[in-house]
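Notes follow the structure.
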Amino acid sequence: MDVDVVRCVYFSPTGTTGAIVKAMAPGLGSPEVRMLNRTRKAARHGETRLFRDEVVILASPVYYGRLPETVARYYSTLSAENTPAVLVVVYGNRAYDDALKELYDIAVARGFVPVAGAAFIGEHSYSSIEQPIAAGRPDVEDLKKAREFGTLVRKKLDNLDSLKSMEPLIVPGNTPYKEPEGLYRMRSMRQTAAFTPGTDASLCTRCDLCAQTCPTGAIDPDNLAKTDKEECILCFQCVKVCPVGARTMKELSSSPVVRSIYETCRAREEPEYYL
């Protein structure tokens with residue numbers, strides 16, 4: 001099969017998923033690669049797109065063992081005509097549970113034909129200086145493996161006469177999908193507390209980077225101390241992008257959940273490929 005055009009569709013609040021996709025795409029050896037960053041809220045609205053005559057990379061971070069609801073909703077609006085797809089999830093060194101299977105099912109339902117899948121590791125959203133969880137990942141070795149994976153996908157496509165001649169791709173996961181207990185716990189906490197990153201007014205310089213880069217528009221640009229807890233997905237982009245450390249979430253420093261992840265997820269996980 002020819003690989004003339006590769007489209008990379010991804011959601012990447014803190015840049016880890018985007019880094020994997022950008023490293024992977026050159027491995028496919030296409031003369032034309034187009035990046036479709038769908039992290040910003042505005043980029044996910046008002047678009048009707050039919051994918052065909054191209055290879056599409058669909059990529060997402062993993063939250064609570066599943067696709068973020070924001071991503072699942074958006075990918076469920078895409079359409080394809082028998083279009084080969086490469087499925088990628090990026091998780092924080094704990095587990096990706098049913099996220100890759102969920103992405104597979106959405107892709108098939110929308111007309112894509114999954115030809116390969118992979119799970120890579122990125123720095124956990126809850127990672128901090130005090131409690132680092134996969135800090136600095138994807139690192140140089142991860143990015144090298146991402147490109148190698150792209151090359152393997154290209155070799156597979158080169159050996160295919162047509163998608164009809166390909167055996168169906170098998171990825172790990174179960175249906176019904178794993179219940180996102182962490183998400184439910186967060187929502188329960190928010191009934192009595194904000195449980196969202198807050199702004200220290202004494203440090204804030206009103207650069208507005210937090211509001212500008214929030215993928216769900218949860219931060220009020222006119223009042224940066226105000227965060228819509230119903231819209232906040234705890235991606236911590238606002239915390240990571242703040243140049244002066246004004247955005248923090250104090251609840252996490254003493255959270256037994258974060259402490260448990262930190263203690264149990266120290267061993268380095270490696271990328272997994274499905275071809």
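Points worth noting:
- Its residue count N sets the reference 2.2 N^0.38 Å, and the alpha-carbon radius of gyration of the range 178-275 equals 1.24 times that reference.
- Note on volume of the Cα convex hull per residue in Å³: of the candidates [x] 131; [y] 160; [z] 179, the value calculated from this structure sits at [x].
- For the chain, calculated [θ]222 nm from helices alone, where every DSSP H run of n ≥ 4 adds -39500 (n - 2.57): -8000 deg cm²/dmol
- Within the chain, antiparallel bridges make up roughly 20 percent of the DSSP beta bridges whose residues both belong there.
- Sequence-distant contacts, meaning Cα pairs under 8 Å at least 6 residues apart, place the relative contact order of the chain at 21 percent.
- Per residue accessible area of the range 1-93, 1.4 Å probe, in Å²: 37
- For Tyr126, Tyr75, the ranking by accessible surface with the largest value first comes to Tyr126, Tyr75, using a 1.4 Å probe.
- Accessible area per residue, Å², the range 118-167 with all protein chains present, probe 1.4 Å: 53
- Dipole magnitude for the range 129-275: computed about the Cα centre from +1 point charges on Lys and Arg Cβ and -1 point charges on Asp and Glu Cβ, it is near 100 debye.
- Accessible area in the full protein assembly, largest first, 1.4 Å probe, for Lys250, Lys226: Lys250, Lys226
- Leu160 paired with Met35, simple spin-label distance in nm, labels 7 Å along Cα-to-beta-carbon: 2.5
- Close Lys pairs in the range 82-236 (alpha-carbon distance under 20 Å; sequence gap of 8 or more, or different chains): 7.
- Solvent-accessible ranking of Ser202, Ser255, largest area first, probe 1.4 Å: Ser202, Ser255
- Pairwise Cα inverse-distance average, inverted: Kirkwood Rh of the range 115-249 (Å): 18.4
- Span-rule helices in the chain, defined as complete DSSP H runs reaching 18 Å or more along the axis (Cα) with Kyte mean at least -1.0: 140-158
- Once the Cα-Cα distance is subtracted from the 0.36 nm per residue extended length, the Lys229 to Cys207 segment shows a gain of 5.8 nm.
- Summing Cβ point charges (Lys, Arg +1; Asp, Glu -1) relative to the Cα centre of the chain gives a dipole of roughly 360 debye.
- When the convex hull of its Cα atoms is viewed from all sides, the range 1-146 shows a mean projected area of 8.4 nm².
The values are calculated or read from the model by the stated rules, or taken from the named source; none is laboratory data. Every value quoted in this text rests on a predicted model; they were computed, and no experiment measured them. So basically every Cβ, Gly included, is an ideal-geometry build from the backbone, and we count neighbours across all protein chains shown. For the accessible areas, the whole protein counts, side chains as well, though only heavy atoms, and no ligand, DNA or RNA atoms are used. Shrake-Rupley method; radii C 1.70, N 1.55, O 1.52, S 1.80 Å.
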